[in-house]
Amino acid sequence: MSEFTKSGEVKHEDLPSLPSSDEDDFDDQEYIPELNEEEAGARSDDAEDEDDEEDGTLTQLTIMAQEAHSQNQIEKAEKLYRAVLAGRTASSGSDHPKTLFAQNNLALFLQQSGKDLNEAQALLESALTGYEKARGPNHSETLCCCNNLGMLLYVQEKDLNIVESLFRRSLVGNEEQLGPKHPSTLAAVSNLARVLDDLEQLEEAGTLYERSLASKQKKSKSIEVLEETNDLAKFFRRQQKWDKALALCQTACDGRGTVLGENHSETLASYYGLAAIYIGMEQWVEAETAAKKCLMGYATLKMTEDLNDAFDLLIQVLENQGKVKEIVAMKQWKKEFA
């Protein structure tokens, strides 16, 4: 699962920008009041040129804001995002999609930079209402804004039932509008799974977690995918669904061993989980092998806290096999590392 924390920054893979990232794709004629013939005749080519120039300037300011944000120039980025929103509001009106897009961008900036979550929430709520009116309740841009608001409420630890309804709406709508494999749909799958997990609706959460992981496994065996595989193994381990947990954890062990190395801390964490699964299945020989691999790796890396946990895990396995001499040796070795 792509992580976002309840108190920190939301990662970009879980916070997709609005699908129409090119602001010039919007159809101005849908949102500018119709002119009567006299007013239309009075509109000169010079006025149209000025409008085009203003639009281009605001688009350029948006690019500059994004660049400043990526370079951690927070104050500069905020001024630029606010300038774009003020310009869009003045030139197109508060309900125009270009203005709503600028609201969304400012809200995401405030959230990701930790500036003001309350203002970010107000901006996204306003943008969502605006998109519902301008684009309709099931338009992809409306649903993306819906998803972003759900994520913001989640990191603020707001009512999870409200968050669930926003993510579910985003998922159902995106499946209909964009298809089941679109990135926005898959982001909603992952987000809804996480909230359902928190709400202890574990059956549906597990189904969605598996769907999210399956969509990524087809593309890559990246570090991020292996992390998600490991997390899903832990999810099933908590429910004592040993067969599912075992297959996923073994994949994580093998993959991390290949990509990161056999003695990498994340690889060893997967072996720790593998030993815990074998303990749950009462397969003591396999549990001992995994626990020893984990222990030796932590000893090599001199990771004291993790090493102590690995000692306790291995001693538990040895006790269940009645291996008294090895238990004494492990306890003595543990004292030497203390």
| Of the listed peptides 88-98, 300-310, 138-148, what is their order by residue-averaged count of other C-beta atoms within 10 Å, with the highest listed first? | 138-148, 88-98, 300-310
| query | When you count, for each residue, the other Cβ atoms within 10 Å and take the mean per peptide, how do 103-110, 66-73 rank with the highest first? | reply | 103-110, 66-73
| said: Rounded to two decimals, what is the ratio between the C-alpha radius of gyration of region 225-338 and 2.2 N^0.38 Å? | reply: 1.03
| task | Among the listed pairs 234/302; 292/323; 292/334; 241/292; 79/115, give every one whose C-alpha distance is greater than 18 Å. | result | 234/302; 241/292
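A short reminder: the numbers here are calculations on the coordinates, not readings from a lab. Every value quoted in this text rests on a predicted model; they were computed, and no experiment measured them. When we count neighbours, we look across all protein chains shown, and the Cβ atoms used for this are built from the backbone with ideal geometry, even at glycine.
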